[in-house]
Every structure is written in C-alpha cells, then in structure tokens.
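Written below as structure tokens is the structure these notes are about.
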Amino acid sequence: MKKIAILGSTGSIGTQTLEIVRNQKDLRVVSLAAGTNVELMEEQIREFRPKMAAMWSEEAASDLAQRVADMDVKIVSGMDGLLEISTMEEAEVLLTAIVGMIGIRPTIAAIEQGKVIALANKETLVTAGHIIMPLARKHGVSILPVDSEHSAIFQSLHGENRERVNKIILTASGGPFRGRKKEELEKMTIEDALKHPNWSMGKKVTIDSASLVNKGLEVMEACWLFDVPLEQVQVVIHPQSIIHSAVEYVDGGIMAQLGMPDMKLPIQYALFYPDRRPLPGKRVDFFALEQLTFEKPDTETFRGLQLAYEAAKAGGSLPTVFNAANEKAVALFIQRKIGFLQIPELIERSMGHHKVIENPSVEEILQAEAETYEYIKQVMN
C-alpha cells in the first residue's frame, strides 16, 4: 500500500489523481489540501477518509471542520497546515499540484523528510530550482515530473546516458490562439482563451497555454529537472498533442513519448514509477491519425515565450518576477480588467523594473513576488 499526500486536491490535477486512486486499490490517501472549495473537499474527505485535511484560509478550514465533525480527520489551515500535511510521517509521496509559489516551502519540507515528490507545480522549480534540486540530491529524494511534457522527457531519458543528450524537444499544442496575429488577439476574451483544443485544465494553466507563457515556464522547469542549459531546450508547436515531448541524442536518434492527451497517464506514471499500471482510456490509433504536424513558435505574436527565455537567461530572481507578473496579469484578465495582449506587456514592464538578485533565498524569492504584485498594482492605478 503506497500512501500519498495531495496538495491541490480540488484542482484539475488533484481530482484526476483521485480518479486514479479509485482505480488502484493499493493507493491510500492520507492527507489532502485545497484552497477554498470547501464543498468538494468535504466530498473528498468522506470518500477517501484522509487523516488530515487543510484549507488555505482559517474561515474555510472552520467551515470544513463543522461539516466533517462526525469524521475522524484533523483540519488545519494556512502555510502551517500545508507544512504539517507535507511532512506527515505516514505519507511516502507528496503530490504537489497547487498553483503558485505557495508550493515552495511545503516541497522543501517534504524533501527534508525524505518524501518522494510528484511535481505538478511548475513555480517551485521556476523560482527556486537552485534551492530545490541540490536539496533533493542531498537527501536522496526523487522528483518525479507530473506535467505531460516533463514526464515525456523523463520517460525518453530512461535507461539512457544523460551526458549524450543533444537537446530536449518540448512540444506545445499552440493553444486556442495558434496561428492568430496580434490584431486578432486584441479582441480575445476570457471565454476564447479557455477553449483549449486538446487538454482539460484549470483556468490559469489554460490561459497560460493560450499565451505560451506556460511553455516558457516549462522551459525553465526542464532546465532544472534534467540539468540541461537553456540553449539545449527547443520548443516545437505540435497541434495534435500526440508526441508529448522528446529527447534528441548526440547520434541524431530521437526518443519520444506518444499518447492521447490525458493527464492521468503522467500522474499515474509518477505515482507508480518505475512500474506501469493499466489505465482506462482512449489509445492512439495510427490508422485514424491523418497527420502529425510541427511548427516554429511565433514569439513575435506570443511574447510570453520569448520573455521566459530572457528571464531564464538572466536567472536569479528574474524568473520569479516573470512568474509573479504573469500570475497577477492572468488574474486581471480573468477579472476582465485587462486585455489578453496586456498579459505579456505587464510581464515585460515588471521584468524591466526589477533589480535582479543573483542567488535568492526563499525569503528573497517571496519578497520579489510581493514587490512584483505591488508594482503591478501601482501600474494599474
């Protein structure tokens, strides 16, 4: 019986993880954490019976505690609650699927306790990779990627000599606005941005996919996860989302992982690595596929990807600013306070305003985030 803790259990990754738990009888959920969705958390507690559950706000935790007063479950809240869940003695694997830099401290705490990390929180490595990866090596902890693309790279590296990698090929669907020009993007609404052609994801990630910011974050994450320089990561638009990513070796050979667009595959692979388990769902039918196509990303129209490369090249605290500015800009877009093209504009302005810290501590990372939020608030005012 493998015991897991889930941060972000009410989100897209979290709920799909719990679908896997329903089908795999040797997985046991010992703790859950979520933001504000008290109703869904109550349902999850009653079905999966964890020993502990956390809500981000004290108010939500208090509401939840009253709802499940008849259950044998400890209810906690805030960062202290996340840290308690991440370091539970019973948990062997921490699946971190919460959005934002809120995931950094729980991940560090879990690594220090020797937990396996199933990572679906990009921001942790984008902003604190220089802290997380050396710490994981020190404690002998595995960090198993849950993102579809990074799982594909991980699988394509399996059994190979990593010193013989020539480049990583990071595929992107192109999102709902693939092929559009700036004039068209000026008119795009939140409803348009959420119409992803292939993947079912949360609002934030779906909008990031539409702007290609998500792919920029994945580039930075890949550099840390697989210890490759920035110039060895190539983004390729692949609209069909069948090839999830690939690795090219020095002899020209390319190893790729293919499959239907289904996040349960990389989630389950991380939870049971190195084993593979049966997974219900559609399979790739090569006879039904008309074609697999590939395009170069349009970084002039989709500035988010180019800005990510610039942030990664500068390093230090600038990726934190890139990420924080995007989070705030996406929130403003969802609230209909800015247009779609203002997302990269706010990111670029924030990056230009920031004085880079070369090797930031966790406190300096969080301070850079707060300062970026404050700067955007001033800009909007």
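Observations on the structure shown:
- Shown for the range 65-153: the carbon plus sulfur share of the solvent-accessible area, taken with all protein chains present and a 1.4 angstrom probe, equals 44%.
- Within the shell of other residues whose beta carbon sits under 14 angstrom from the beta carbon of residue 348, the net charge comes to 0, with Lys and Arg scored +1 and Asp and Glu -1.
- Shape analysis of the chain places it in the rounded category; the axes a ≥ b ≥ c from the Cα gyration tensor give an a/c below 1.5.
- Shape of the range 55-189, Cα gyration tensor, a/c cut at 1.5: oblate
- Prolate/oblate/rounded label for the range 178-284 (Cα gyration tensor, a/c 1.5): oblate
- Among the GluC sites (Glu not before Pro) within the range 1-104, those in coil by DSSP and having at most 11 neighbouring Cβ atoms inside 10 Å are 89.
- Excluding ligands, DNA and RNA, the accessible surface per residue across the range 216-353 is 47 Å² with a 1.4 Å probe.
- Residue-normalised accessible area of the range 46-167, given per residue in Å² at a 1.4 Å probe: 42
- Exposure rule at most 13 other beta-carbon atoms within 10 Å, DSSP loop trypsin sites (Lys or Arg not before Pro): the chain longest free segment: 26-180
- Summed residue charge, Cβ within 10 Å of residue 13's Cβ, Lys/Arg positive, Asp/Glu negative: 0
- Portion, in percent, of the accessible area of the range 242-329 that falls on carbon or sulfur, probe 1.4 Å: 55
- Cα centroid separation, the range 250-272 to the range 122-192 (Å): 12
- Pair-distance profile P(r), taking every C-alpha pair of the range 284-340, with 10 angstrom steps and integer %: 19, 31, 24, 19, 6
- Cα convex hull volume per residue for the range 79-129 (Å³): 64
- Loop GluC sites (Glu not before Pro), the range 128-200, which have at most 16 other Cβ atoms in a 10 Å radius of their Cβ (DSSP): 160, 186
- Neighbour net charge for residue 115 - beta-carbon separation under 11 angstrom, K R +1, D E -1: -3
- Proximity of backbone amide H atoms, modeled 1.01 Å from N, is registered between residue 338 and 333 at under 5 Å, excluding neighbours fewer than 5 places apart on the same chain.
- Counted without the sites themselves, the longest stretch of the chain free of chymotrypsin sites (Phe, Trp or Tyr not before Pro) in a DSSP loop having at most 16 other beta carbon atoms within 10 Å is 1-198.
The values are calculated or read from the model by the stated rules, or taken from the named source; none is laboratory data. Since this is a predicted model, take the numbers as computed values, not measurements. All Cβ positions, glycine included, derive from the backbone under ideal geometry; neighbour counts span all protein chains shown. Only protein heavy atoms, including side chains, enter the accessible area calculation; ligands, DNA and RNA are left aside. Shrake-Rupley method; radii C 1.70, N 1.55, O 1.52, S 1.80 Å.
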